[in-house]
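Enquirer: Just passing along the structure, written as structure tokens.
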Amino acid sequence: MRSHVVIAVFKRNFWSYFSGVIGYLFIVAFVLLGAFAAFQEKFFTNNAANLAQLNEWFPMLLLFIVPAITMSVWSEERKLGTEELLFTLPVSDLEVLIGKFLAVLSVYTVALVFSLTHALVLAWIGHPDAGLLATNYVGYWLAGLALLSAGMMASYLTSNATVAFVLGSIICMIPVFIGRLPVHPAMATLFGSDQFIDQLSLERQLEPLGIGLVPLKSILYFVSIAGFMLYLNLILIGQRHWRGGKRGTDMGFQYTIRVVSVALILICGNVLVANFNRTADLTAEHLYTVTRTTRDLLGKLTDKRPIMIQAFVSREVPRNYVPVKTSLLGLLGQYEQASHNNITVRIATVDPASPQADEAKKFGVEGRKIQSERAGRRTVDEVFLGVVISSGANEVVIPFFDVGLPVEYELTRSIGTVANEKRKTVGILDTDAKVSGGFDMSSFRSIPEWRLTAELKRQYNVESVPAASPIDESKYDVLIAVMPSSLSQNELKNLVDYVKKGKPTLIFDDPGPMTIGQPFSLAPHQPKPRAGGNPMMQMGMQNEPKADGGRATSLVNTLGIQWIYDEVVFEGTSINLHPEFAELLRPEWVSISRHSGLDSALSRDSEITKSLEEVFLFYAGTIKPREGSKLEFKPLLRTGKKSGLLGWSEFTISTPFGQVFPNEDPVRRYGDDYHVIAAEITSPKDAQGDKIHAIYVADADMIADWFFMLREQKFVDLQVDNVTFALNAIDHLAGDSSYIELRSRRPTPRTLERVEDLTKKFRETMNVEKQKAADDAKKALEDARKVFSEKVEKIKNDEGLDESQKQDLLNIEEQQVKRRLEVEESNINQNKEKVIEKIKTETDRNVRSVEQMFYYVALIVSPIPAFLLGLVVWSLRVSRENKDIAPSRRVSK
């Protein structure tokens, strides 16, 4: 093949495309449609600086731009009769084909270069991942490479450019939509997989490139399509040499066999490469590159204990679950690659009511009903995003990957669990908190095990430990005691004896447990409940006493700490950090955050907390080292300096029947010092006698089930690290730090910063106005109650009335005022809601106006470079044409 011939054909076809305005108009339309797809409303809703929306629509854009580029490449030659002239020249069919293909590929590349304005707009709005954008455009280019040869074949079949455009779109639809075809079970059996057809889909092969991965199998897929289509092009061009007559029939049959053979060779090559896949992760933070912990674990796997990973993933998932799906699929390929074929991955694409859905449910993979919004309509879909990991008889099921679940951590931990028959043991002490579940005699009801217990069972052997008998020191690697202040004297003694033996112990105790049973029912200040649970039934009955009157004195003395059993800490950090929840939060709901103003709020010196961002606590206590203690006291969680303490009678309100409720508005006196919520307590290395190793947390609510749900589902965008803190603490005490780094791994959020900056003031104003409306409503209610109190006092102080008359007047006044208060309170609350709704509507309107501004800017700016270049070329062309016309022939005005 002669290069100068190829270059000559290339130049002729490339420049002919840009010789007129039509070529530029197609490019302008392509860029404009790309901007429309990339920056639609969901782009701002997702608040992510990426081209995910464009990735979703790009295969559809190819059905427009590819036929637009290729429709005239052969059809115009045939229409004008230059095809015969071209092939009478001393050139080969292959040289002409390659020259034309390079020309259309270059035109498509030019169109992609102009579409880089999408990336520039994205960089203006936010801070995108350059590596991710690079893989996006590599995917776009490869997809075009594959389909351009198909468009050229369509162009050769006709002499009409419009017909060539339609034929090209139809042929390109085959690889674009083939993955959406239903797969018959017989076909799945024949090919050994129900995903064989899906893997032939251009959309499926573009997926990894859309998330920052460049798989070798995807590159080979696109190159294979391009090569196969070019081969068909070559056959169509060359048929003029042999078509017609018996020879033509024989040659047609021969070429049919050749085409089938080439197709089979390419398919087999793709299958082989898929089994020996190699993938490059080009994301800035290497999001899909497995960590050292995972690589070490996978490197220890042997072919004697092969592992099978079966992922059941819905074809379509709601938008907020797309990152979970892409992360899961991206990591599974990396696991298979890093395990040196000791892990086999099977990905089953699940459609509603399909055989794969039934199979998933048999394994215990849940189909989660999730509400989402599509085209303004709310729909409820059954979504599958679960994994079954098995090795021999060992099996771990991850029923569903919620949006907040760390995918790599869950996969690696589960693989470690099925590959390791020997696990460490965690003991959970039996207390009134019922962490392991059981039957509550105080309420006569069965209590399910805490989510903490279920979580630990995925990594450890978990056993319930009776507190009434001495604890076996050789049996447990870590002991967890939640609310030890609820233990009796003998039970607490057994725990103290265990701690004194230096066994790792994690303790959660709480002066104001809100989420365990009824609010404050298990507080150390409260008596130990008896069977029946009803305080009225227990009146006059002698309750079983708590050890040290609930103070757990022997335990805290052993740990060398001071803990006031009926005081809770408060501070204003949570309200400052989360102004959007200002109406709901109160200072007793403490946020331990790196943004609280105290650099050591989360200790940077401990592997437990160094990678955490925020921990949330309800009515937590505080601890400090006891004077004269020789134990080492390492604070893990600290409040900000502007904080204070409330006693039992200040943060609670008691009823005559013994019920206790939170006091919503106690008198708070802020101090200027921080308070320690959690600390690691150890004996010095040279200590003689008892060797203490414990972590004490003065809050038990932090490991409540609610925080596990919050971690999984990212409820109201509140992301806290309570679960991570607890699991890190357990791993640290167990001497197994391999998962701590993995568990704490999180990508840097790449949001639309410019949009956030412009809308931030609107949201801040909304929060201030909402708080003002709530304060005004509260003041109005207080004024109304004050009027009633003044009338009551006036009646009581009226000396002209006897007691009977006073009581009658009080009763009448009470009934009247009560009705008026109810009406007034209802009116005040309604007015408050109206004001808040008006504020919210106005804020939403302002936010939408900012988003629409960026949207229209993106639509206008993106096609400008292509439009300007087309305008310049057109102007130059007109100028040249006018220059070549004699002045005498020009029409004078």
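The values are calculated or read from the model by the stated rules, or taken from the named source; none is laboratory data. Model, not experiment: these values are computed from the prediction. Note that we place each Cβ from the backbone using ideal geometry, even for glycine, and neighbour counts take in every protein chain shown. Quick note on the areas: whole protein, heavy atoms, side chains included, nothing else; ligands and nucleic acids left out. Shrake-Rupley method; radii C 1.70, N 1.55, O 1.52, S 1.80 Å.
Enquirer: For the range 844-856, which positions are under 26 Å from the mean Cα position of the chain (by Cα) and either open to solvent by less than 40 Å² (accessible area, probe 1.4 Å) or within 19 Å of Ala35 (Cβ to Cβ) (or both)?
Expert: Hits for the range 844-856 are Val847, Arg848, Val850, Glu851, Gln852, Phe854, Tyr855.
Enquirer: Got a sec? Which of Ala468, Ala523 is of a type in the set (A, V, I, L, M), over 27 Å from Val723 (Cα atoms), at pLDDT 90 or above and part of a loop (DSSP other than H, G, I, E, B)?
Expert: The match here is Ala468.
Enquirer: Being more than 25 Å from the chain's Cα centre (by Cα), modelled with pLDDT of 90 or more and over 24 Å from Tyr321 (Cβ atoms), is that true of even one residue in the range 43-61?
Expert: Within the range 43-61, one or more residues are more than 25 Å from the chain's Cα centre (by Cα), modelled with pLDDT of 90 or more and over 24 Å from Tyr321 (Cβ atoms).
Enquirer: Further question: Condition (residue is out of contact with any Gly (no Cβ under 6 Å at 6 or more places or on another chain), in a strand (DSSP E or B) and open to solvent by 10 Å² or more (accessible area, probe 1.4 Å)) applied to the range 591-607: is it met by at least one residue?
Expert: No - not one qualifying residue is present in the range 591-607.
Enquirer: Return the residues of the range 290-317 that are within 19 Å of Leu329 (Cβ to Cβ), crowded, with 19+ Cβ neighbours inside 10 Å and either over 22 Å from the mean Cα position of the chain (by Cα) or hydroxyl-bearing (Ser, Thr, Tyr) (or both); say none if nothing qualifies.
Expert: Thr294, Leu298, Ile307, Ser314
Enquirer: So which strands (runs of 3 or more DSSP E) are wholly in the range 644-687 and hold at least 2 residues that are more than 38 Å from the chain's Cα centre (by Cα)?
Expert: 652-654
Enquirer: Kindly list, by first and then second residue, each pair from a residue in the range 440-451 that is over 17 Å from Ala704 (Cα atoms) to a residue that is modelled with pLDDT of 60 or more, limited to pairs with Cβ atoms under 6 Å and residues at least 6 apart or on different chains.
Expert: If the second residue must be modelled with pLDDT of 60 or more, the pairs left are Asp440/Ile447; Ser442/Pro529; Ser446/Phe439.
Enquirer: Turning to a different aspect of this structure: Report the residue count in the range 345-369 for those that are over 24 Å from Ala393 (Cβ atoms), open to solvent by less than 60 Å² (accessible area, probe 1.4 Å) and small (Gly, Ala, Ser).
Expert: Total satisfying the criteria: 3.
Enquirer: Let me ask another. Residue check: is Pro406 at pLDDT below 85, touching a Lys or Arg at 6+ places or on another chain (Cβ under 9 Å), open to solvent by less than 80 Å² (accessible area, probe 1.4 Å) and of a type outside the set (S, T, N, Q)?
Expert: Yes, satisfied.
Enquirer: Cβ-Cβ below 7 Å, separation at least six or inter-chain, first residue in the range 558-573 and in contact (Cβ under 8 Å) with a residue 40 or more places away in the chain and open to solvent by less than 10 Å² (accessible area, probe 1.4 Å), second of a type in the set (Val, Ile, Thr) and not in a strand (DSSP E or B): which pairs?
Expert: Leu559/Ile692; Val569/Thr622; Val569/Thr639; Glu571/Thr639
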